[in-house]
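The values are calculated or read from the model by the stated rules, or taken from the named source; none is laboratory data. None of these values were measured; they are calculated from a predicted model. Glycine also receives a Cβ, built like all others from the backbone with ideal geometry; neighbour counts cover every protein chain displayed. Side chains included, ligands, DNA and RNA excluded: accessible areas come from the protein's heavy atoms. Shrake-Rupley method; radii C 1.70, N 1.55, O 1.52, S 1.80 Å.
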Amino acid sequence: MEGAKEGMSSDQHTNPQSSQDFSWWQRGVIYQIYPRSFKDTTGNGTGDLQGVIDRLDYLNDGSTGLTTSGTSESLGIDAIWLSPIFPSPMADFGYDVSDYCDVHLLFGDLATFDRLVTEAHRRGIRVIIDYVPNHTSDQHPWFIESRSSGDNPKRDWYIWRDPRPDGSPPNNWGSYFGGPAWTLDETTGQYYLHQFVKGQPELNWRNPEVRAAMMDVLRFWMERDVDGFRMDVVGLLIKDAELRDNPPNPDADPNLPPNDLAGRLLQVYNQDQDEVHEIIRDFRRLLDEYGDRCGIGEIWFELPRWIKYYGDGSAGSPGDGLHLPFNFRLMWLPWQAQVMRQSVDELETALPAFAWPNYVLGSHDFPRLASRFGGQAQARMAGLMLLTLRGTPTLYYGDELGLENGVIPPEKIQDPQGINLGAERTRDVCRTPMQWDDNPNAGFSDVEPWLPVSADYATRNVAAQSADPTSILNLYRRLLWYRRGSPALYGGSYEPLDVGDDDCFVYLRTAGDERRLIALNFTADQRYISVPSENAGQIVIS
């Protein structure tokens, strides 16, 4: 991976910043934790915040890196992102929030959270939490007030509409979890909008009181020293003012479940409205008031629309929108070198100068990386690619172990998407407990976990892989610590190389005199590639 010290060609993709200018969210690596599944310390089968505290040294123990033998007990990550920890009826496992400014008793309390922030910061780990601005729980006091009568002061905090003349919902929008996106409230005779489960009514972000209240939520957590927010479905915040019907999707899968109404429509009027960028600019201004904080958005639109979520740069570098609109574009691509390269090159070409790239290969909403891309060899290669591309990588807990999709018996499915749309759509498969050792329940809990551990837990766990120098875990550790010490990898330019073999994705990362060559072979066979002689060097990680 290490190359000679030479200049770059004219088609390189450069980064205008010097190494001293990088913020933590540009230079670092983010690690997503699904708290329910990380470590149980209370003996109820569900993970909690104390479990995260107890395992912080696994993530980063504050050391300076690898030992002289090239090993480390810690991954060396820079930030953790916690999926929702707020009080919630758990209709969608915390994405139905009943109180934005507290912690669910299942996970601990605010004092536990404060200890987590203190202990993380002591180790040099930043803390990012989920911010769920599009919808609340139907048990949130705001919604309880809103649905109490048609003239309640909080009625307009949510999206209520009269039925059509025949009594049917106000428009044809479907819920992403199946069925219509509207539920009739018998008391007031109006429908309320929810694009997920009916227990997640959507806030009306056209109401200035809603905006003010939700900005106060951000302030509350930043006052507790939170470093950033992953903003859930942020592109849905503003809907078409007329709530027009979505057009039919001519390319819809004919085998969709009968109740998958959303899948049969083009999502035109329910998301990605131009007015949403005004709200995102407000988010950015508030984050900037608190210093070096980071706003990350869950955005999945086509590239030209997705780019807009960085802002237009009018407020100065690095833009006036989200710091990092999550980039999921590699997630569902076929495992082919040139397809991956094309996606990366398209992104690099499209990014404005002030925008910082990022890549995500796993999350709580998608099948496991190893299962999606074809197996353990692909999982190792995906890790090498993710941690050497230009920009901020986000890892998903357990991907560093090569965890594959869990097997969830139908009677144990918890996810509302799987319950409503069929077992093949359940996201439980990627939310199974972290596998720490070969003790019963993989060292996650002393009792049966909320989801079953994977069948291979006795060998695919942190303890076993730590003892194996060739394991995927130790590969990740070497990559992460090497990346931390390499300006070319954490901040250098990106230049793809043509090497005479379409099954290989090869690129050069350069910062000043430091050059690192990454060669990824997407096949199971040995390949020979041709690179310019000035890129000759020694292999440091393979």
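Report whether or not ASP399 is modelled with pLDDT of 95 or more, of a type in the set (Asp, Glu) and surrounded by 22 or more Cβ atoms within 10 Å (Cβ to Cβ). Can you show your working first?
Values: modelled with pLDDT of 95 or more: yes; of a type in the set (Asp, Glu): yes; surrounded by 22 or more Cβ atoms within 10 Å (Cβ to Cβ): yes.
So ASP399 passes the test.
Condition check for ASP166 on (1) touching a strand residue (DSSP E or B) at 6+ places or on another chain (Cβ under 8 Å); (2) more than 16 Å from HIS194 (Cβ to Cβ): one failure, at (1).
Give the residues of the range 119-138 that are part of a loop (DSSP other than H, G, I, E, B) and open to solvent by less than 10 Å² (accessible area, probe 1.4 Å), sorted by residue number.
ILE125, VAL132, PRO133, ASN134, THR136, SER137 - these are the residues of the range 119-138 that are part of a loop (DSSP other than H, G, I, E, B) and open to solvent by less than 10 Å² (accessible area, probe 1.4 Å).
State which residue is nearest to TYR31 (Cα to Cα) when the search covers only the range 356-377 and only residues that are in a loop (DSSP other than H, G, I, E, B) and among the aromatic types (Phe, Trp, Tyr).
Top of the filtered list is PHE366.
Residue count for the range 211-236 under the criterion of being farther than 24 Å from ALA111 by Cβ, in contact with an Asp or Glu (Cβ under 9 Å, 6 or more places away or on another chain) and either part of a loop (DSSP other than H, G, I, E, B) or free of Cβ contacts under 8 Å to residues at least 60 places away in the same chain (or both): the result is 2. Please determine, by comparing only the residues of the range 521-535 that are at pLDDT 85 or above and open to solvent by 70 Å² or more (accessible area, probe 1.4 Å), which one is nearest to GLY383 (Cα to Cα). By that ranking, first place goes to ALA524. Screening LEU386 with (1) modelled with pLDDT of 95 or more; (2) in contact with a helix residue (DSSP H, G or I) (Cβ under 8 Å, 6 or more places away or on another chain) gives one miss only, at (2). Within the range 464-473, the set of residues being open to solvent by 10 Å² or more (accessible area, probe 1.4 Å) and in a helix (DSSP H, G or I) comprises ALA464, GLN465, SER466. Answer with yes or no whether ARG484 is open to solvent by 10 Å² or more (accessible area, probe 1.4 Å) and either within 26 Å of ALA524 (Cβ to Cβ) or of a type in the set (S, T, N, Q) (or both). The answer is no for ARG484.
Checked against the criterion of being buried (at least 16 other Cβ atoms within 10 Å of the Cβ), outside any loop (DSSP other than H, G, I, E, B) and not basic (Lys, Arg), the range 91-111 contains not a single residue that satisfies it. Within the range 256-310, the residues that satisfy the criterion of being polar (S, T, N, Q) and surrounded by 20 or more Cβ atoms within 10 Å (Cβ to Cβ) are GLN267, ASN270, GLN271.
For SER542, the criteria (1) at pLDDT below 95; (2) within 25 Å of the chain's Cα centre (by Cα); (3) among the hydroxyl-bearing types (Ser, Thr, Tyr) hold in every case but one, which is (2). Has the range 49-57 got any residue that is on the phi > 0 side of the Ramachandran plot and either touching a His at 6+ places or on another chain (Cβ under 7 Å) or part of a loop (DSSP other than H, G, I, E, B) (or both)? Scanning the range 49-57, I find no residue that is on the phi > 0 side of the Ramachandran plot and either touching a His at 6+ places or on another chain (Cβ under 7 Å) or part of a loop (DSSP other than H, G, I, E, B) (or both), so the answer is no. On inspection, PRO325 does not qualify as without any contact (Cβ under 8 Å) to a residue 12 or more places away in the chain and within 30 Å of ARG425 (Cβ to Cβ).
Candidates in the range 328-347 are the residues that are open to solvent by less than 10 Å² (accessible area, probe 1.4 Å) and in contact (Cβ under 8 Å) with a residue 60 or more places away in the chain; of these, the one that is farthest from the chain's Cα centre (by Cα) is ALA337.
What do you reckon, is ASP114 free of Cβ contacts under 8 Å to residues at least 24 places away in the same chain and either in a helix (DSSP H, G or I) or open to solvent by 10 Å² or more (accessible area, probe 1.4 Å) (or both)?
no
Tallying residues that are of a type in the set (Val, Ile, Thr), in contact (Cβ under 8 Å) with a residue 24 or more places away in the chain and either assigned to a helix (DSSP H, G or I) or open to solvent by less than 60 Å² (accessible area, probe 1.4 Å) (or both) within the range 405-463 yields 6. Within the option set SER137, SER168, SER149, being free of Cβ contacts under 8 Å to residues at least 12 places away in the same chain and either in contact with a Leu (Cβ under 8 Å, 6 or more places away or on another chain) or among the polar types (S, T, N, Q) (or both) holds for one residue only, SER168. Within the range 243-267, the set of residues being in contact (Cβ under 8 Å) with a residue 40 or more places away in the chain, closer than 24 Å to TRP205 by Cα and assigned to a loop (DSSP other than H, G, I, E, B) comprises LEU243, ARG244, ASP245, ASN246.
Filter the range 295-338 down to the residues that are β-branched (Val, Ile, Thr) and either part of a loop (DSSP other than H, G, I, E, B) or at pLDDT below 95 (or both) and list them by number.
Hit for the range 295-338 is ILE299, nothing else.
Assess whether ARG380 counts as being of a type in the set (D, E, K, R), in contact with a strand residue (DSSP E or B) (Cβ under 8 Å, 6 or more places away or on another chain), in contact (Cβ under 8 Å) with a residue 60 or more places away in the chain and outside any strand (DSSP E or B). It is false that ARG380 is of a type in the set (D, E, K, R), in contact with a strand residue (DSSP E or B) (Cβ under 8 Å, 6 or more places away or on another chain), in contact (Cβ under 8 Å) with a residue 60 or more places away in the chain and outside any strand (DSSP E or B). Every condition in (1) surrounded by 15 or more Cβ atoms within 10 Å (Cβ to Cβ); (2) free of Cβ contacts under 8 Å to residues at least 40 places away in the same chain is met by ILE518 except one, and the failing one is (2).
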